[in-house]
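Below you'll find the structure, written out as structure tokens, and then a few comments.
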Amino acid sequence: MSGGRQVGPHTREWVLGPDTEYRFELDPGTSLAIKLVRGRAEVFGAELVEGKTLLFAYEAKAAVFTWHGCTLEVTGAPSTEYVADETPMAAYANVHVALEKMRVRAQEPEPASDDNEPPRVLVLGPENSGKTTVCKILANYAVRAGQGWEPLYINVDPSEGGWTVPGTISAASITVPIPTASPATPLGNAATSSASTLAANALTPLVYWYGHADTKRNPLLLERLIRNLGENVGERQDNDPEGRLAGIIIDTPSSFASSTTSGADHRLTLIRACVDAFRINVILVVGHEKLNVEMQRTYGNRMSVVKIPKSGGVVELDSSYRHRVQTAQIHNYMYGQAFSPPQGLGPLVQATPGGEAALEQRLAPSSQVVSVEDLVIYRIGEESMAPTSALPIGATRTVSELVPVRLDPTQPGARLHSALLALMHQSAEDAERYDEELLDMQVAGFLALTGVDAKARKMTVLAPTPIPFGGGPARVAIVGSFEWTEQS
Ligand SMILES: Nc1ncnc2c1ncn2[C@@H]1O[C@H](COP(=O)(O)OP(=O)(O)OP(=O)(O)O)[C@@H](O)[C@H]1O
């Protein structure tokens, strides 16, 4: 493995040949600064600007790829760094070209048919195959194509935070290339966290709350949310004929690809839910022959199913890393994140995290006290609490995955302390609603329940910005299985 040329105590220069990439992995608590000195280069499809320094932190793992060669100046001490001359970028670029042809064809004024639909792409693959990276690259190439495309990026992997916190599925139009500075903000910043520190490239995503990282925990709920998101996206696209031409790119959970578990049925049901809900017309399978054959058999007669190679650079992420990242994503939602430049980066260097607006993205969340009558909390899919002995003879305990159960936070059995809550988006018509309609509501924001005073029937909640409670219908929140911890 050849190394970079030392050009300062903490800085190395890497000269990259055409079609190669500089890969790195960071340890906790470290950061890395990369400056493009000469040539052209990109991080997962997002172009670097010559002379500008980019910062990476929070255990980021990524690569700077160049089509025609470049020189990079790298400051900091990654745990791993090397240049790879074998990458799947040519294959990914071919996919982009094919998608671009579909977009252009969809612009033509011939009557709409299956042959001139914009690309609606479902990306499938096993754990650590690089699905998210492929989605980013394809979305970023579309944004860079110079046609004004704003593809819709959809994340249906609840173990990833997307633009907000883990436990969600979400969609947003991509208007500027997605940066890769920190796994705490895998898709860049969202405007929903705090309006006061809006980055210019912050997005307003559509968000639904599933509440868990694991798709097997409540597949019925996930399926319903996928269909809700699909309906919402479909309506938006029908009202925006220009916008829909850029198409859709969907990142999926790795459980959709793991056929050996007993949850195989759910897996296929959830894939079908995505195919129907988002009217998928292209399936990309990242490096998995068996899944590719399975998808060819099921969907090959009505859409393109294409196997694409996995990158040798994808890092195997273990469960403790994933847990740390989820905690960091929740923490980032409340507090934002600050990037400390690595040792050796001159004080005058203007560095930005992954191309985002500011080095300091600190938020000041507000803690507020709310009465339990003004914030009503539900859990979805709790077993009915009546003991079996209290049920009429012959009746079985009802266990429904889709029943919202109202919780009393003042009861110790509610297990709500330190819970992360999704605050639902309520409209005036929602004042009179059926409990089941809670399942179809979008998320307005997230709260952490940090204290309960049972006697006073009050709770303390933390949110990025103050939320008006009281003086109207009660607000509704849903709890999942994520906990709030102060330290990230
Ligand atoms: N070419 C590369 N060089 C270095 N790191 C990479 C490369 N491609 C991907 N990675 C990193 O590898 C990790 C896993 O990639 P990614 O998240 O795309 O995989 P995934 O299949 O979506 O994961 P999951 O199992 O969570 O669904 C990420 O940290 C990503 O930034």
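Figures for the structure shown
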read-out	value
Count - residues of the range 295-329 that are within 21 Å of residue 280 (Cα to Cα) and assigned to a helix (DSSP H, G or I)	5
Positions within the range 8-33 being surrounded by 13 or more Cβ atoms within 10 Å (Cβ to Cβ) and either aromatic (Phe, Trp, Tyr) or part of a loop (DSSP other than H, G, I, E, B) (or both), in sequence order	10, 14, 19, 22, 24, 26, 30, 31
Selection from the range 34-46 of residues that are outside any loop (DSSP other than H, G, I, E, B) and either crowded, with 22+ Cβ neighbours inside 10 Å or out of contact with any strand residue (DSSP E or B) (no Cβ under 9 Å at 6 or more places or on another chain) (or both)	34, 36, 42, 43, 46
Subset of the range 126-161 (residues that are near the ligand (Cβ under 8 Å from one of its atoms) and on the phi > 0 side of the Ramachandran plot)	128, 130
Counted residues, the range 212-242 - those being of a type outside the set (D, E, K, R), buried (at least 19 other Cβ atoms within 10 Å of the Cβ) and more than 19 Å from residue 161 (Cβ to Cβ)	4
Hits in the range 459-478 - residues which are outside any strand (DSSP E or B), buried (at least 16 other Cβ atoms within 10 Å of the Cβ) and more than 22 Å from the chain's Cα centre (by Cα)	467, 469, 474
Candidates 93, 106, filtered to the one that is hydrophobic (A, V, I, L, M, F, W, C), in contact with a Leu (Cβ under 6 Å, 6 or more places away or on another chain) and within 30 Å of residue 117 (Cβ to Cβ)	106
Among the candidates 92, 82, residue that is part of a helix (DSSP H, G or I), surrounded by 14 or more Cβ atoms within 10 Å (Cβ to Cβ) and within 11 Å of the ligand (Cβ to nearest atom)	92
Complete set of residues in the range 109-164 that are closer than 17 Å to residue 306 by Cβ, touching an Asp or Glu at 6+ places or on another chain (Cβ under 9 Å) and assigned to a helix (DSSP H, G or I)	131, 134, 135, 137, 141, 142
Qualifying position, being under 27 Å from the mean Cα position of the chain (by Cα) and surrounded by 23 or more Cβ atoms within 10 Å (Cβ to Cβ), among 49, 64	64
Residues within the range 325-350 that are at pLDDT 90 or above and either within 12 Å of the ligand (Cβ to nearest atom) or of a type in the set (S, T, N, Q) (or both), tallied	4
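To keep it simple, each residue is scored yes or no on (1) within 13 Å of the ligand (Cβ to nearest atom); (2) under 30 Å from residue 320 (Cα atoms); (3) modelled with pLDDT of 95 or more.
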{"position": "18", "(1), (2), (3)": "no, no, yes"}
{"position": "30", "(1), (2), (3)": "no, yes, no"}
{"position": "37", "(1), (2), (3)": "no, no, yes"}
{"position": "44", "(1), (2), (3)": "yes, yes, yes"}
{"position": "51", "(1), (2), (3)": "no, no, no"}
{"position": "56", "(1), (2), (3)": "yes, yes, no"}
{"position": "63", "(1), (2), (3)": "yes, yes, yes"}
{"position": "67", "(1), (2), (3)": "no, no, yes"}
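The values are calculated or read from the model by the stated rules, or taken from the named source; none is laboratory data. What you are looking at is a predicted structure, and each value in this text was computed from that prediction instead of being measured. Neighbour counts are summed over all protein chains in view; Cβ atoms, including those assigned to glycine, are modelled from backbone coordinates with ideal geometry.
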